[in-house]
1. Which three semi-axes in whole Å describe the equivalent ellipsoid of segment 2-171, each the square root of 5 times a Cα gyration tensor eigenvalue, listed largest first?
2. What is segment 91-171 by shape, rounded, prolate or oblate, if you read a ≥ b ≥ c off the alpha carbon gyration tensor as root eigenvalues and call it rounded for a/c under 1.5, prolate for a/b larger than b/c, and oblate otherwise?
3. Measuring from centroid to centroid over Cα atoms, what is the spacing of segment 26-89 and segment 124-150 in Å?
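Every number in this text was worked out from the coordinates using simple rules, so none of it is lab data. If you're wondering where the values come from, they're calculated on a predicted model, not measured in any experiment.
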């Protein structure tokens, strides 16, 4: 769900609270994305800080994504786009969130440096029957004109390849407490309460069992 956009708190998504509450009530795992208008590292950090302010107090089973789509951002070049991604995602990670990146596949390949492609949770969009990307992705958005029972109009269709809810909860990220393994209890061992005794008298050996006192 969209948490908001830009670098001021007033740009929080007006439906966030309703969407979050209803999803949680229905038992649907949720994640969030922040739509970026940043063109500098400083602006990306500001956007992250506002995003964190808005997410505070909520729990998300999926990563929190930096949504980079604006042509004015791409026009700043690959190095700057990559630096903005690192800045936004770094702020989220420092606050205990699993950070991710949402982009369309083509600009993602054109405007991100190699380390970005394996560093963060990736959610790539490419509409059609195939995602033309050979690397590993956590989610693929394949359509913006999908139909889902109970929803009027078009919806985005996404496929998740990673079990984010399990990983997020286990690591204690996104507002969840870290899971700790229950202490193992060893079964009690029965104490041996008897003793075997050998007694030799002359050439004869006598064997018996006595109870311990």
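1. Here the semi-axes work out to 23, 20, 16 Å.
2. oblate
3. When both Cα centres are located, 20 Å separates them.
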